[in-house]
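The block underneath contains the structure these notes are about, expressed in structure tokens.
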Amino acid sequence: MMSLGPLAFATPWVLLALAVLPVLIWLLRVVPPAPKRLSFPAIRLLYDLKPRDETSATTPWWLILLRVLLAALVILALAHPLLNPRAQLVGGGPMVLVIDDGWAAGHDWQARQEAADELLAQADRTNRPVILLTTAPNRDGAPGTLNRLRAEEARSQVQALLPKPWPADRQALADWLESQTLPSSAESFWLSDGLDGPGVAALATRLQRLGALTVLEPEGGSLPRLAFPPESGVDGLTATVARAPGIGPSSLWLRAVAADGRILAREQVDFPVGEVAAQKRIVLPTELRNEIARLEIENDSTAGSVALIDERWRRRPVGLVSETSFQASQPLLSELHYLDQALSPFSEVRRGRIEALLERDLAVIVLPDSGALAGPEREALQRWVRNGGVLLRFAGPILSSAVEEGGEQSLVPVPLRQGGRLLGGALSWSQPARLAPFSAASPFHGLAIPADVTVQRQVLAQPSLDLGERTWAALEDGTPLVTAGAEGEGRLVLVHTTASPDWTNLPLSGLFVQMLQRVVALSQGVQGARGDQPLPPVETLDGFGRLTAPSAATQALPPGLEEPRFGPALPPGFYGSDQSRVAVNLAPAIAAVTPMVQLPSGIARLGYERGEEVDLRPFLFTGAMILLLLDLLVSLLLRGLLPMRRARGMAAILALLAGGGLAQPAQAQSDDRFALAASLNTVLAYVRTGDSTVDEASREGLTGLSRALERRTAVEPGEPMGVDIETDELAFFPLLYWPVATSQGGLSPAAIGRVNSYLRTGGTIVFDTRDQGEVGFGGGGPGLQRLQQIAHGLDIPQLEPVPPEHVLTKTFYLMDSFPGRFTGGTVWVERPGGRGNDEVSSVIVGSHDWAAAWAVDQAGRYRYPVVPGGEAQREWAYRFGVNLVMYALTGNYKADQVHVPSILERLGQ
């Protein structure tokens with residue numbers, strides 16, 4: 001193949017025939033045109049004429065140009081010209097296909113698979129064997145095999161490939177290839193994710209030694225983005241997102257999503273010119289903020305575009321026991337001042353007396369230095385702790401005096417010793433003592449201890465056999481500083497010194513804030529530093545950023561692992577237990593999105609987003625045929641063999657041929673394929689919104705519903721199809737599922753006309769706003785508001801809630817509600833008497849996210865949880881889907897059955 005920019009010739013040697021054109025021009029000039037023949041009987045008049053030399057008539061220049069152009073078109077057509085040609089295979093060795101399938105591949109996985117399919121189709125046509133390799137580590141540890149596969153076998157493996165939620169390791173693949181025996185000659189294609197990293201140059205060099213190497217990569221603006229774990233603040237979370245450098249001003253949408261899939265917040269993040277990182281503050285009420293399970297970049301489907309949220313980011317209300325007004329005359333001497341300053345950045349602090357605090361929803365109650373509590377207060381506080389609360393106490397002069405007098409041994413995790421501060425020996429010191437490193441079993445493990453933090457005085461614990469197990473922090477001489485113990489379902493924590501600088505300078509350090517944060521996190525059972533036990537996987541992210549059940553190869557998270565090395569044994573996700581989850585995110589390990597810049601010379605670099613390959617032969621052959629007919633017409637005219645009237649008719653025929661020949665064959669073939677796929681079987685269709693997450697959920701949902709229809713009814717639907725509302729014909733589909741995405745744009749006038757025509761001719765559209773979980777804040781969710789904008793201009797009939805006796809309630813199953821992923825809400829149908837389509841509603845509107853309830857993956861597993869009814873609710877969602885399809889296919893036959901008794905009675909008469 002010879003390439004000239006976007007134009008290429010599959011058989012370029014044919015172009016040598018263009019050298020013959022000058023010879024053709026000379027022949028046309030030498031050879032005169034055929035003489036014009038006239039029938040004239042008076043030939044005898046010529047007998048007496050004297051002969052003389054005459055110059056033969058020459059062919060007109062415009063006719064020569066016409067015939068040369070005809071020959072040139074034929075030669076160019078035989079050279080098989082291609083516009084926007086696909087990469088062609090060269091040589092005769094195998095094709096080595098390397099695919100980046102790490103975390104970044106999920107962003108454009110469809111383009112990657114399409115490119116691989118095109119390359120494998122060429123290998124199939126040329127009978128070339130294929131060696132398939134991947135760059136992300138596999139669960140078996142090997143990057144692939146050097147087995148030579150048939151193109152069809154390789155295609156099956158490529159279709160089964162999915163992106164991994166961990167980074168690609170090009171260096172490992174390059175090292176592995178160095179240790180293998182490779183073919184002496186091969187052509188390599190590297191379908192890259194476009195990111196730079198270790199091993200890029202090494203892998204490219206190793207592949208280039210085999211032969212020609214072509215690297216396909218996404219454009220800079222199409223690279224994935226990163227969502228980092230947020231920072232907690234007083235009134236919200238500060239999220240950070242990152243993009244590739246070298247991009248102009250741009251923006252993205254960041255969503256805060258609950259565990260059940262509800263979108264709690266959606267914020268636009270703007271990148272200034274030249275900036276690779278941007279921040280956005282998400283402010284929500286405490287109740288909603290504590291429901292956030294993940295932050296995700298909208299329309300990005302990678303493990304790096306998701307930041308999982310665990311209890312470390314929850315804002316837990318903390319009660320601060322205050323017997324007097326908080327605004328003391330000397331706040332710097334008050335324990336309450338230091339506690340409030342330390343707790344406010346990450347908790348909502350509520351102050352008051354014990355009885356008032358116990359009436360509120362609190363995670364932790366902090367009790368500064370105090371003596372014996374009154375009986376009712378002590379009993380109420382004990383009940384609260386036993387029911388799951390965390391009580392954090394601080395020692396001081398008051399508690400010390402109470403212990404000295406032989407009282408106040410309640411609501412403390414360990415027995416306290418009288419007069420312990422002044423004992424000699426190991427428990428006394430002549431200078432302040434420093435803190436010892438935190439043990440691995442302590443929730444404070446991993447915190448850095450400043451060298452200048454010291455303790456001057458403390459309340460001592462009574463020695464016991466289990467004192468070591470109850471000690472969370474100690475001084476260098478082994479004296480317990482923080483002790484804790486379980487009390488029913490709750491916990492008692494005692495700091496054996498003051499919360500003010502009276503006995504220690506700990507409250508003046510950042511360590512004090514970190515320790516309080518760890519204690520508050522324990523209020524919901526989260527191990528602040530993951531403890532000293534490995535944490536088993538609960539849910540892990542897949543390559544598209546979706547939470548799935550962990551595989552058998554996933555191992556437990558080692559204790560104290562601050563910088564995990566992600567791979568098959570340790571993917572990002574949640575670890576621990578259902579009650580105590582620890583989020584392990586990918587973005588901090590990636591740090592930055594750096595595009596692939598430098599590659600060894602001699603490597604061809606192409607993009608995934610290329611124009612469709614156009615074969616120019618039909619156009620050239622059509623043009624040559626038209627010129628041939630035109631030449632014939634002109635020749636007949638010059639020889640007088642064609643009357644002018646017939647010539648005008650021939651010219652009209654040539655014009656028609658030109659119009660038909662220059663029509664776009666590729667578009668016609670594409671339309672034909674779409675029509676065949678939509679009409680050969682009953683097909684459920686969904687509207688493509690442009691949001692990859694929503695579109696994938698729609699496809700998986702209609703796939704699950706199609707399988708249910710096949711099992712339960714006589715309907716045998718084909719594979720669901722996504723339709724572009726702007727360009728695709730809708731008449732093939734009896735039912736169109738339209739999920740409303742907030743990012744979906746408005747409709748063009750052509751699309752509005754297409755939809756209105758579909759509704760008028762018997763089609764049914766199911767609008768699903770998918771926001772039932774978000775209603776209640778302002779009278780409607782964002783999906784409903786977006787639907788109102790999209791529907792502007794559509795011929796939507798008058799709607800009403802589904803009546804109790806509507807056919808939709810009894811088409812196949814008897815139903816009185818229509819749940820999906822969410823329950824509740826109202827389903828709207830067309831009011832009777834609107835259209836003449838057998839009284840079948842042309843529009844059905846709901847907010848239940850039905851596709852998510854029906855959705856299944858390739859293995860038939862359900863993709864999304866349904867709330868609040870679980871699997872029983874999912875079964876009812878499937879039944880509604882069956883009723884919906886049967887309603888669209890059969891119309892009101894169930895309603896007609898109400899007349900059967902009267903008809904039978906008349907027949908009997």
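The values are calculated or read from the model by the stated rules, or taken from the named source; none is laboratory data. Predicted model only: the values in this text are computed from it and were never measured. In this analysis, Cβ positions are derived from the backbone assuming ideal geometry, glycine residues included, and neighbour counts consider all displayed protein chains.
Looking at the structure I just gave you, is Ser842 of a type in the set (Gly, Ala, Ser), assigned by TED's automatic domain parsing to the domain that holds Arg712 and buried (at least 19 other Cβ atoms within 10 Å of the Cβ)? So Ser842 fits the description; yes.
So for the range 293-314 (the condition being polar (S, T, N, Q) and on the phi > 0 side of the Ramachandran plot), does at least one residue qualify? Yes, the range 293-314 has at least one match.
Residues Ala154, Ala204, Ala111: which one is touching a strand residue (DSSP E or B) at 6+ places or on another chain (Cβ under 7 Å), part of a helix (DSSP H, G or I) and modelled with pLDDT under 90? Steps first, please.
Details: Ala204 fails: modelled with pLDDT under 90; Ala111 fails: touching a strand residue (DSSP E or B) at 6+ places or on another chain (Cβ under 7 Å).
That would be Ala154, the only listed residue that is touching a strand residue (DSSP E or B) at 6+ places or on another chain (Cβ under 7 Å), part of a helix (DSSP H, G or I) and modelled with pLDDT under 90.
Taking the range 531-597 and the strands (runs of 3 or more DSSP E) fully enclosed by it, the elements with 1 or more residues that are small (Gly, Ala, Ser) and either at pLDDT 85 or above or crowded, with 19+ Cβ neighbours inside 10 Å (or both) are at 573-576, 581-584. If you go through the range 188-201 one residue at a time, do you hit one that is in contact with a Ser or Thr (Cβ under 6 Å, 6 or more places away or on another chain) and in a strand (DSSP E or B)? Taking every residue of the range 188-201 in turn, at least one turns out to be in contact with a Ser or Thr (Cβ under 6 Å, 6 or more places away or on another chain) and in a strand (DSSP E or B).
Among the residues of the range 80-95, is any outside the structural domain of Ser156 (by TED's automatic domain parsing), assigned to a helix (DSSP H, G or I) and modelled with pLDDT of 75 or more? Taking every residue of the range 80-95 in turn, none turns out to be outside the structural domain of Ser156 (by TED's automatic domain parsing), assigned to a helix (DSSP H, G or I) and modelled with pLDDT of 75 or more.
Just checking, how many residues over the range 344-373 are more than 43 Å from the chain's Cα centre (by Cα) and aliphatic (A, V, I, L, M)? Adding up the residues that qualify gives 7. Kindly evaluate Thr826 against the criterion of being assigned to a loop (DSSP other than H, G, I, E, B), of a type outside the set (A, V, I, L, M) and surrounded by 19 or more Cβ atoms within 10 Å (Cβ to Cβ). It is false that Thr826 is assigned to a loop (DSSP other than H, G, I, E, B), of a type outside the set (A, V, I, L, M) and surrounded by 19 or more Cβ atoms within 10 Å (Cβ to Cβ).
Which fully enclosed strands (runs of 3 or more DSSP E) of the range 704-823 have 2 or more residues being within 27 Å of the chain's Cα centre (by Cα) and at negative phi? Even if it seems obvious, please write down each step before you answer.
On the way: elements: 721-723, 735-739, 764-768, 799-801.
Counting at least 2 such residues, we get 721-723, 735-739, 764-768.
Going by what's in this entry, would Ala201 be described as within 30 Å of Asp310 (Cβ to Cβ) and not β-branched (Val, Ile, Thr)? So Ala201 does not fit the description; no.
I'd like to verify a number: residues in the range 763-779 that are more than 19 Å from Trp828 (Cβ to Cβ) and modelled with pLDDT of 80 or more, how many? Talk me through it step by step, then tell me what you get.
Quick first cut of the range 763-779, residues more than 19 Å from Trp828 (Cβ to Cβ) only: 777-778.
Imposing the further condition that a residue be modelled with pLDDT of 80 or more reduces the set to none.
So the count comes out to 0.
Scanning the range 468-486 for residues that are buried (at least 16 other Cβ atoms within 10 Å of the Cβ) and not in a loop (DSSP other than H, G, I, E, B) gives Arg470, Thr471, Trp472, Ala473, Ala474, Leu475, Pro480, Leu481, Val482, Thr483, Ala484.
Filtering the range 501-530 down to residues that are at pLDDT 75 or above and among the β-branched types (Val, Ile, Thr), which residue is surrounded by the fewest Cβ atoms within 10 Å (Cβ to Cβ)? The qualifying residue surrounded by the fewest Cβ atoms within 10 Å (Cβ to Cβ) is Val513.
Could you tell me whether any residue of the range 119-139 is part of a helix (DSSP H, G or I), at pLDDT below 85, among the polar types (S, T, N, Q) and touching a Leu at 6+ places or on another chain (Cβ under 8 Å)?
Quick first cut of the range 119-139, residues part of a helix (DSSP H, G or I) only: 119-125.
From what's left, at pLDDT below 85: 121-122, 124-125.
Restricting the remaining residues to those that are among the polar types (S, T, N, Q) gives 122.
Now narrow it down to the ones that are touching a Leu at 6+ places or on another chain (Cβ under 8 Å): 122.
Scanning the range 119-139 turns up at least one residue that is part of a helix (DSSP H, G or I), at pLDDT below 85, among the polar types (S, T, N, Q) and touching a Leu at 6+ places or on another chain (Cβ under 8 Å).
Looking at Glu178, Glu219, which is the one that is closer than 18 Å to Pro137 by Cα, in contact (Cβ under 8 Å) with a residue 12 or more places away in the chain and surrounded by fewer than 20 Cβ atoms within 10 Å (Cβ to Cβ)? Don't jump to the end; show me each part of the working.
On the way: Glu219 fails: closer than 18 Å to Pro137 by Cα.
Just one listed residue meets the conditions, Glu178.
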